[in-house]
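The values are calculated or read from the model by the stated rules, or taken from the named source; none is laboratory data. Computed from a predicted structure; not experimentally measured. When we count neighbours, we look across all protein chains shown, and the Cβ atoms used for this are built from the backbone with ideal geometry, even at glycine. What goes into the accessible areas is simple: the full protein's heavy atoms, side chains included, and nothing from ligands, DNA or RNA. Shrake-Rupley method; radii C 1.70, N 1.55, O 1.52, S 1.80 Å.
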Amino acid sequence: KKVAILISGGGSNMVSLVKSMTGDQAGDHPGRPCLVLSNKPDAGGLLKAAELGVPTEVIDHRNFKGDREAFEEALISAIDPYQPDVIAMAGFMRILTPKFITHYAGKMLNIHPSLLPKYKGLHTHQRAIEAGDAEAGCSVHEVTAELDGGPILGQARVPVLPNDTPDDLAARVLVKEHLLYPEVLKRFCQGERGSFEI
Ligand code: GRF
């Protein structure tokens, strides 16, 4: 199964996904990374992907002056030549319209740094701390037209500690993201669709 990974920043989740499919970690994993694409030309993850030997593409959303449709048409034109079976969003910070989501219906995953359905959208760790939650975490879900709303395929929990800052909590959750996403992707590539927790 060919896996395209979409990023906007450092790409730490992308690195975890690529490493889980290559080298001695690959084992019986049916997935192989075919592309890393970023909407930001300066995304640190692009260099990491190149170092890992994965082809990269950049579609800079700023070249489309708010024309989402045109941006998404350019995304599709850049992605489709790689013929991915799966699209993994990993820190991709652009909201996609139903046009893009329909084009890859049933093939798209995303990781979100909260225990969905709680805290859809941004600033998830700050919101969990301010709500006084005892736990926080991350979720991998199928991407549908509803932002952060598709079927949940996996979750991981961490404790919220008394003096946590949002950055403290983000760092604790990110460790779990790097374990959860590769496991969900492997199961998704194997055709599994159930939800599990690590
Ligand atoms: C992570 O918190 C992830 O949950 C969110 O983007 C953040 C950065 O991810 N989607 P990465 O380091 O760019 O993979």
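So the values come out like this:
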quantity	calculated
Subset of region 110-128 (residues that are hydrophobic (A, V, I, L, M, F, W, C) and crowded, with 19+ Cβ neighbours inside 10 Å)	Ile111, Leu115, Leu116, Ala128
Residue list for region 86-99, filter: within 18 Å of Pro151 (Cβ to Cβ) and more than 16 Å from the ligand (Cβ to nearest atom)	Val86, Pro98
Of all residues making up region 34-66, the number that are of a type in the set (A, V, I, L, M, F, W, C), part of a strand (DSSP E or B) and open to solvent by less than 20 Å² (accessible area, probe 1.4 Å)	4
Qualifying positions in region 71-109 - without any contact (Cβ under 8 Å) to a residue 60 or more places away in the chain, crowded, with 22+ Cβ neighbours inside 10 Å and in contact with a Ser or Thr (Cβ under 9 Å, 6 or more places away or on another chain)	Met108
Top-ranked residue of region 122-148 - restricted to ones that are within 14 Å of the chain's Cα centre (by Cα) and part of a loop (DSSP other than H, G, I, E, B), ranked as nearest to the ligand (Cβ to nearest atom)	Asp148
Long-range neighbours under 6 Å by Cβ, at least six apart or interchain, first residue farther than 16 Å from Tyr119 by Cβ within region 166-180, second of a type in the set (Gly, Ala, Ser) and part of a helix (DSSP H, G or I)	His178/Ser16
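Quick grid of which residues meet (1) within 11 Å of the ligand (Cβ to nearest atom); (2) at pLDDT below 95:
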| position | (1), (2) |
| --- | --- |
| Ala4 | no, no |
| Ser8 | yes, no |
| Ser16 | yes, no |
| Lys19 | no, no |
| Gln25 | no, yes |
| Arg32 | no, no |
| Leu35 | no, no |
| Asp42 | no, no |
